[in-house]
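*Asks:* Sharing a structure, written as structure tokens. Questions coming.
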Amino acid sequence: MPVEKFIELATHEGKRVLDVIFRNASEAVTVQDQSGNVIYANDLAAELTGFASGQEMAGTQSPVQSVLGQLEMIDRKGDPISVEALPGRRVLAGEPFAEQIVGYRRPGSQQAQWSLVRASAVKNNAGEVLLAINFFHDITEQVRREDRRRLLSMASQALGSSLESKQNLKALADVIVPELGGWFAVHLLEGDQLVLAAAAYPDSDDAVAFVETSGTESVSLSGSGFQAQVIASGSPQFVRRITPEMLTEAKTRAGAEIAEFIRRLQIDSVICVPLQIGDRTIGTMTVARNLPDSAFDDSDLDLLVSIAVRAASSLENARIYEEEHEIAEVLQRGLLAPTLVEIPGISLGARYQPLATIAQVGGDFYDILPLPGDRWAVLVGDIAGKGVHAATGVGLARYTARAVVAIDPRPSTVVEQLNGALRQEQPERMCTLAYLTLERSHDGWDLGVTLAGHPPPVLLRAGEVSFLGTPCPPLGVLPELEVHHDRYALGPGDYVIVYTDGYDVQGLAPPESVELALAGNSYGSVEELLDRMMAFLENDSTDVIDDVVLLALRVAP
């Protein structure tokens, strides 16, 4: 049959040829003429676009933009698709074949039906395009599976975005609304009530009024609401559609005003799932949809249960972090000198940076102790290990050293007693120590330096760097140590910097790192010097491998 004759029969007002070919097709089919008018649609196409039948849809004799005027068309990114970009229009414009994934949704809805639209041209013998035939392959379920996987990944990222539970739940709310529903709330169990921890809902006066009226800030467990039922049973509550009977029940139970808000806001489908840690329920997560969105289905319930598992785990991790952080703060206050003592004629400053990011304590410590006769002792040490385990060694070392110094501050006594205590109480726990003594002299200060496996302190004088002390094995390893106590004279303007081996930048050992940080710079106050040294370390933070203590003193000019 000549193409022209086929087209003449196909476009006859009865459209009998097209109906014979496409009526029982497994896909939605439409046919457009040269003007873009829909001249034929089968019943599946009518169902897709909201018409009662294909005959009614084609009977409009309207361009496709009019036929689809009641729908929004979007791509996979959620961006609008123009009519000109649709495959049928592209074929009518000259492309031999075109395809596009298109989502169709009612205005105001977040849920779309998805089709892979393919269009082919029907040409006459002269090669002119006379018709465009569009095939709509429904891929809604495939797209929704992909979206559920993506949403679960986004939820996991939101819940891992920080170590603060409130911040994570707020990030989760921003993912859920509007991706999965229009309403979202997390309530956490506190005593005999559920307290609102995070929420998201439509930005409208009615929605705000509903939230304020319903009193969702706290939910009593003695009530009959979704959250109370979930806490009591430990199982999800799922309402696919809110029926008129349910609204009547809500009017009796919660009041006419609440029931009217539900009706006016067109809240239509609700899921509430438990947040559980093992067998313990710690709260609930509630999501709801409005019309014209589709109702939740079993796959949505499964997705929310999976998100709830991750949310509960995130909350538990945040709780553990907050407890460890509190413990760490207590430990840090106890293990580090809370304030530096004042030494007349000497400026003092210190910096402490633990490597641990959860429990903010480590194995480094420092202390400054007054001695009789206008003298002072300075201790900077480093216990092997990280975090809270190392902190136990810090407590032993710091308080043993304090007790010994108070009785006999001689370097040999301090080193021997601390070495013995570590070997007895914490075997195999190594400790390095820099023990300095300061004593005022008639023309300045006398500085004594004893090292036990510790990096040598630095003397910064008139821009020149020199290292102090004699190397010695660390504490806690050998039964006896040979103690050296070297003495130096300090004059006006001299700086002394004591540090731990975490001060490692650009791959250099700590002494060379300190020398590099101090080279070519002039410093005023001790605070300025320490700030610059820490900035130098942080600029090369990838090389931070241990806790860091910096303690600096300066003789008044």
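*Asks:* Give 211, 219 a once-over and let me know the one that is in a helix (DSSP H, G or I), modelled with pLDDT under 90 and not aromatic (Phe, Trp, Tyr).
*Replies:* 211
*Asks:* Of the conditions (1) crowded, with 18+ Cβ neighbours inside 10 Å; (2) touching a strand residue (DSSP E or B) at 6+ places or on another chain (Cβ under 6 Å); (3) part of a helix (DSSP H, G or I), residue 318 satisfies every one except a single condition; which number is it?
*Replies:* Single failed check for residue 318: (2).
*Asks:* Quick test of your reading of the structure: residue 448 fulfils all but one of (1) open to solvent by 40 Å² or more (accessible area, probe 1.4 Å); (2) closer than 18 Å to residue 377 by Cβ; (3) not in a loop (DSSP other than H, G, I, E, B). Name the failing condition by number.
*Replies:* Just one mismatch for residue 448, condition (1).
*Asks:* Can residue 250 be described as surrounded by 18 or more Cβ atoms within 10 Å (Cβ to Cβ) and without any contact (Cβ under 8 Å) to a residue 24 or more places away in the chain? Break it down stepwise before answering.
*Replies:* Working: surrounded by 18 or more Cβ atoms within 10 Å (Cβ to Cβ): yes; without any contact (Cβ under 8 Å) to a residue 24 or more places away in the chain: yes.
When the stated conditions are applied, residue 250 passes them.
*Asks:* I would also like to ask the following. If you scan segment 451-467, which residues turn out to be in contact (Cβ under 8 Å) with a residue 40 or more places away in the chain and either over 12 Å from residue 518 (Cβ atoms) or touching a Cys at 6+ places or on another chain (Cβ under 9 Å) (or both)? Walk me through it before giving the result.
*Replies:* Residues of segment 451-467 in contact (Cβ under 8 Å) with a residue 40 or more places away in the chain: 454-458, 460, 463, 465, 467.
If the condition is that a residue be in contact (Cβ under 8 Å) with a residue 40 or more places away in the chain and either over 12 Å from residue 518 (Cβ atoms) or touching a Cys at 6+ places or on another chain (Cβ under 9 Å) (or both), then 454, 455, 456, 457 are the ones that fit.
Residues are listed down the side, and each one gets a yes or a no for (1) assigned to a helix (DSSP H, G or I); (2) open to solvent by 70 Å² or more (accessible area, probe 1.4 Å); (3) in contact with a strand residue (DSSP E or B) (Cβ under 6 Å, 6 or more places away or on another chain):
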site	(1), (2), (3)
469	no, no, yes
481	no, no, no
488	no, no, yes
493	no, no, no
498	no, no, yes
502	no, no, yes
506	no, yes, no
514	yes, no, yes
517	yes, no, no
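*Asks:* Suppose we filter 456, 473 for residues that are open to solvent by 20 Å² or more (accessible area, probe 1.4 Å), under 50 Å from the mean Cα position of the chain (by Cα), of a type outside the set (Val, Ile, Thr) and more than 26 Å from residue 351 (Cβ to Cβ); which single one remains? Walk me through it before giving the result.
*Replies:* Working: 456 fails: more than 26 Å from residue 351 (Cβ to Cβ).
After applying the criteria, what remains is 473.
*Asks:* Give me a count of the residues in segment 106-156 that are open to solvent by 30 Å² or more (accessible area, probe 1.4 Å) and either out of contact with any strand residue (DSSP E or B) (no Cβ under 9 Å at 6 or more places or on another chain) or under 21 Å from residue 296 (Cα atoms) (or both).
*Replies:* So the answer is 24.
*Asks:* Which of (1) within 29 Å of residue 211 (Cβ to Cβ); (2) modelled with pLDDT of 90 or more is the odd one out, the single condition residue 253 does not satisfy?
*Replies:* Failed condition: (2).
*Asks:* Of the conditions (1) touching a strand residue (DSSP E or B) at 6+ places or on another chain (Cβ under 7 Å); (2) crowded, with 16+ Cβ neighbours inside 10 Å; (3) modelled with pLDDT of 80 or more, residue 71 satisfies every one except a single condition; which number is it?
*Replies:* (3)
*Asks:* If you go through segment 205-235, how many residues are over 18 Å from residue 246 (Cβ atoms), without any contact (Cβ under 8 Å) to a residue 24 or more places away in the chain and open to solvent by less than 60 Å² (accessible area, probe 1.4 Å)?
*Replies:* Final tally of qualifying residues: 3.
The values are calculated or read from the model by the stated rules, or taken from the named source; none is laboratory data. Bear in mind that the values here come from a model prediction, so they are computed numbers and not experimental data. FYI the Cβ positions are ideal-geometry reconstructions off the backbone, even for glycines, and counts take in every protein chain you see. In case anyone asks, the SASA skips ligands and DNA or RNA and just uses the protein heavy atoms, side chains included. Shrake-Rupley method; radii C 1.70, N 1.55, O 1.52, S 1.80 Å.
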